[in-house]
Each structure stands twice: as C-alpha cells, then as structure tokens.
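What follows is a set of notes on a single structure, which appears directly below.
The values are calculated or read from the model by the stated rules, or taken from the named source; none is laboratory data. Everything numeric in this text was worked out from a predicted model, so none of it was measured. Positions of Cβ are generated from backbone atoms using ideal geometry, with glycine treated the same way; all protein chains shown enter the neighbour counts. Side chains included, ligands, DNA and RNA excluded: accessible areas come from the protein's heavy atoms. Shrake-Rupley method; radii C 1.70, N 1.55, O 1.52, S 1.80 Å.
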Amino acid sequence: MGGGLAGMTAAIHLAAAGLRVLCVEPDSLNRDPVGESLDWSDPDLLKTLGLQIDYLIEQGIATFKRHAVLKLRDGSERHYIPREWLGKPPYNVDLRTLHVDRGELNQALRQIFHSKGIRLANDRVVHVETAGRMVKAVVTGEGERIASRWFIDASGSGSTLLPRIFELPVYEYGPHKVAIWDYFTVPESIEGTTLHADGAGPLYMEWVWQIPIHPNTISVGYVAPGDAIKEKRQQELSVQQIFEAKLKHLPALHGLLYGPLKEPPRTTSFRCRAFAKTAGPNWLVAGEAAAMVDPMTSNGVTAALRHAAEASRLIIRYKDRKAIPRPMAAMYSQRIVSLAKFFNSSIENILYDAPVRNRIGPFNAGDLYTIPAWSINVVYSRLRPQGFIKTSLFCLLLATLRFSLGAFHWLCSRLQPSLPTRATA
Ligand SMILES: Cc1cc2nc3c(=O)[nH]c(=O)nc-3n(C[C@H](O)[C@H](O)[C@H](O)COP(=O)(O)OP(=O)(O)OC[C@H]3O[C@@H](n4cnc5c(N)ncnc54)[C@H](O)[C@@H]3O)c2cc1C
C-alpha cells in the first residue's frame with residue numbers, strides 16, 4: 001500500500017527475492033516528493049537497489065553532500081563535517097553522501113520497479129479487511145478487492161492506514177509544522193546542506209533549508225510551527241508572501257527574490273510522531289506511515305529505505321510460514337519506534353526548543369545533536385541489529401542517549417525558568 005520511497009523500495013526487494021508483488025499507489029506521478037538531503041547511511045541503502053552513488057551523480061539525479069552548515073542571521077556559521085577517522089578501518093564510512101532531485105530519484109526507482117515485473121495498481125486503498133490481528137484483503141477506491149498473504153503499509157504520514165485500523169499507540173513530538181518550499185536557479189551553488197536559523201532567543205526555532213539538488217538548482221524551504229503560519233494567513237498574507245518575507249531576512253537568500261515567483265511555492269503540513277507495534281502476523285508498516293521524523297534530522301529517507309529493507313527481509317524469511325514470529329515482529333517495531341523517538345526528541349530538546357540552545361549557544365547545540373545522531377547511524381549500519389540481543393542493546397543505547405539529552409534539557413529549563421518552553425505540550 002503506497003508507492004512512494006518506502007513502498008517502491010519494499011516492492012523491489014520482494015520482487016528481487018522472487019515474490020509476486022502488487023503495489024497500490026494513487027499518484028503515479030509522485031508529485032512534489034520531499035526528502036532531498038540524505039544522511040550518510042543512504043548511499044549504501046540505495047546501492048542495494050542498484051543505484052550507485054556515481055551513477056546518481058553522472059545521471060544528474062544527485063549532487064555530493066560532504067557536510068551540513070548551520071548559518072545564523074548575523075552571518076556566522078558552523079560546518080558539521082564527518083571526521084576523517086570515520087572513513088578509516090574499522091568504520092569505513094563513506095564520507096560522501098548526496099542531495100537528490102527526489103522527482104528524478106523516484107523516476108529511477110520506478111524504472112527498476114517496472115524492470116522487476118512489479119504490478120502497479122493506479123488506485124487508493126480505502127478499506128482493509130481484517131480477521132483479528134491478520135489482514136485478509138484490501139479494497140481500493142475502484143472497488144477491487146485484493147487478497148494476499150502479506151501486506152506492507154507504506155502509505156505515508158498522511159494516510160497511516162494500518163496504524164489507524166489497528167489503533168496503534170502513538171508518540172508525538174513538537175507542534176504541528178508547515179513547510180513551504182520552492183526551487184531556484186542560481187549561477188553557482190554551495191556544496192553542503194545549509195540550515196538558516198535565528199538560533200538565539202526564547203522562541204521555538206524556525207528554519208530555512210538550502211539544498212543544492214543540481215549544480216545550478218537549489219531547493220529552499222521554510223519550516224515553522226503551524227500556529228505561526230496560521231497567524232500570518234489570518235493577516236491575509238498569501239503563502240508566497242509569507243515565504244518571501246522569510247527569505248528577505250536571510251542575506252544568503254534574499255537575492256533569490258528579484259522578480260515575482262512564477263507559481264506559488266509548494267506546501268505541506270506534518271506532525272512528528274512514531275507508532276509502536278508496527279508489525280503484525282502478516283503485515284508491517286514502513287516509512288512515514290510508521291514514523292515521521294523531523295526533516296531537520298535528514299533521516300526520513302534513511303528510515304524509509306531501512307524499514308522497507310527490513311520489512312521485506314522478514315516477509316522473505318518467513319514466506320513459507322503462516323505468520324512472522326512474534327519476537328521478530330516485536331524487534332522490528334522496537335527498532336522503528338526507538339530510532340524515531342531518539343531523533344525526534346533529541347532535535348526538539350536540543351535545537352527547536354530554546355533552553356539548551358540558549359544555554360550552550362546554537363553552534364554547540366548543533367554539535368550536541370549531530371555527534372550522537374551521526375554515531376547512531378554509523379552504529380546501526382555496522383551492527384545491523386535484527387535479533388533479540390543486538391536490537392535490545394541498540395535500543396538501550398538509544399534510550400540512554402535520549403534520557404541523557406532529555407535530562408540536560410530539563411536542567412537547562414530549570415536554570416532559565418523565565419523562558420517559555422515548548423510551543424505545545
Ligand atoms: C518538508 C519535508 C522535508 C523533508 N526533508 C527531508 C530531507 O531533507 N531528508 C530526508 O531524509 N528526509 C526528509 N523528509 C522526509 C522524507 O521525505 C520522507 O521520510 C520519505 O520521503 C517518506 O517516504 P514514504 O514512502 O514513507 O512516504 P511517501 O513518500 O509520502 O509515500 C507514501 C505514498 O503512499 C501513497 N498513499 C497514500 N495513501 C494511500 C492509500 N490509501 N492507498 C495507497 N497508497 C496511498 C501516496 O500517494 C504516496 O505516494 C522530509 C519530509 C518533509 C515533510
């Protein structure tokens with residue numbers, strides 16, 4: 001269910017293992033996909049689908065991302081660059097990752113998808129037939145009933161089909177947010193993903209991304225709490241005016257605004273969250289349908305690719321049985337929920353919310369977030385936790401880091417009691 005990044009990836013893995021796959025996707029054109037700045041784990045995950053880093057660069061689908069930059073309004077900046085030792089044994093991490101044109105990446109995936117003989121039903125799942133915890137069949141908007149032994153829900157954060165049907169427990173982080181973004185042609189672009197933010201003061205942080213998806217094209221997006229955007233809309237400002245007003249204040253970007261934008265910028269709204277128990281006897285939830293991680297973490301694409309690979313691995317391994325063994329299903333959901341909780345709570349506590357940022361400064365807060373976040377992804381890629389012991393150890397590490405950062409946030413809030421804390425509970 002769903003033929004976005006997670007759905008196509010799962011379908012490709014399953015078909016490569018010889019299973020017959022039908023993918024139900026209503027938007028065959030995949031309009032306005034987001035997720036352009038990739039984490040360092042992604043090149044390896046894309047390679048398993050047949051998309052090598054060099055091929056993506058040669059085809060103009062991607063540009064190199066060697067670092068991330070945090071730029072403040074006063075012009076100061078810090079570059080977060082993976083240390084060289086990470087590239088040496090025993091870590092052997094490729095220190096290069098990518099920015100991608102998501103439309104073109106989806107297109108490349110769609111070609112692989114079709115080359116594997118996967119069927120695509122251009123339709124939407126509107127009903128799920130269950131028997132206890134089993135999924136029996138799904139019914140589409142066109143009235144087709146599709147029965148199968150196995151189901152993967154990759155319907156994205158807007159639908160979350162199976163979490164809603166099975167009323168799965170959910171953890172939510174931060175306020176509802178809105179992203180407004182557009183693409184601009186520039187004479188020359190920079191090499192890293194740049195995050196522009198105010199960084200100081202008591203307010204919940206708003207930020208603007210600048211991602212070079214082609215040598216002469218940048219994606220620029222503004223992320224703010226939904227309430228802040230609603231307030232501006234109530235002042236009769238259009239989305240375009242809100243976007244332009246934000247960029248005008250950023251020295252590196254205000255030059256983009258000469259001349260009116262041709263079309264209104266794209267928008268989406270989202271709430272960061274993670275569902276628990278995202279695997280049942282014959283179904284698994286993958287990608288944003290299982291967990292929505294904040295875009296600032298650059299971990300949504302990694303999550304979608306990883307969930308899809310792990311969900312399909314479980315189906316392939318247990319395809320001759322009636323059900324996925326309960327402990328394996330539990331380990332799958334534990335990894336998903338623990339990772340999403342870690343990324344979401346850390347980014348909220350350390351960067352979005354004010355107390356830590358104000359106490360140690362935005363650049364140090366950036367270090368405090370990126371060092372554990374990058375390390376966690378390196379550990380995950382090397383450890384490949386699947387069974388009980390590795391998954392438990394990994395989740396314990398995540399919980400320890402999460403609680404430590406949470407405790408630091410609490411301490412900083414106590415030391416600055418006059419500051420307002422979160423925008424919402
Ligand atoms: C503003 C923003 C910026 C982001 N930036 C980054 C970034 O820089 N780096 C990063 O790593 N991640 C980023 N992400 C996250 C990343 O884009 C996503 O995590 C990833 O694309 C999710 O893929 P998915 O396949 O799970 O979901 P989607 O791509 O949303 O795919 C879900 C698919 O399911 C289909 N569908 C929906 N309902 C049904 C139904 N009822 N039946 C059948 N099909 C259905 C939809 O049409 C869609 O094609 C960003 C997210 C946002 C919101």
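One table, with the values for the structure above:
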quantity: Residue 341 vs. criteria closer than 28 Å to residue 407 by Cα, touching a Phe, Trp or Tyr at 6+ places or on another chain (Cβ under 7 Å) and open to solvent by 20 Å² or more (accessible area, probe 1.4 Å); calculated: yes
quantity: Qualifying positions in the stretch 271-295 - open to solvent by less than 20 Å² (accessible area, probe 1.4 Å), within 9 Å of the ligand (Cβ to nearest atom) and farther than 17 Å from residue 335 by Cβ; calculated: 294
quantity: Qualifying positions in the stretch 118-142 - more than 10 Å from the ligand (Cβ to nearest atom), of a type in the set (Asp, Glu) and open to solvent by less than 60 Å² (accessible area, probe 1.4 Å); calculated: 129
quantity: Any hit, the stretch 9-20, residues being near the ligand (Cβ under 10 Å from one of its atoms), buried (at least 18 other Cβ atoms within 10 Å of the Cβ) and either touching a residue at least 24 places away in the same chain (Cβ under 8 Å) or under 18 Å from residue 308 (Cα atoms) (or both); calculated: yes
quantity: Flag if residue 385 is open to solvent by less than 50 Å² (accessible area, probe 1.4 Å) and without any contact (Cβ under 8 Å) to a residue 12 or more places away in the chain; calculated: no
quantity: Residue within the stretch 223-235 that is under 18 Å from residue 351 (Cα atoms) and among the charged types (D, E, K, R) present; calculated: no
quantity: Those residues of the stretch 26-76 which are surrounded by fewer than 20 Cβ atoms within 10 Å (Cβ to Cβ), of a type in the set (Gly, Ala, Ser) and under 30 Å from residue 1 (Cβ atoms), in sequence order; calculated: 28, 50
quantity: Tally, over the stretch 85-106, of residues that are free of Cβ contacts under 8 Å to residues at least 12 places away in the same chain and under 28 Å from residue 211 (Cβ atoms); calculated: 3
quantity: Test set (1) in contact (Cβ under 8 Å) with a residue 12 or more places away in the chain; (2) over 19 Å from residue 36 (Cβ atoms) - residue 230 fails condition number; calculated: (1)
quantity: Single residue of 102, 145 found to be surrounded by 19 or more Cβ atoms within 10 Å (Cβ to Cβ) and either of a type in the set (Lys, Arg) or within 20 Å of residue 23 (Cβ to Cβ) (or both); calculated: 102
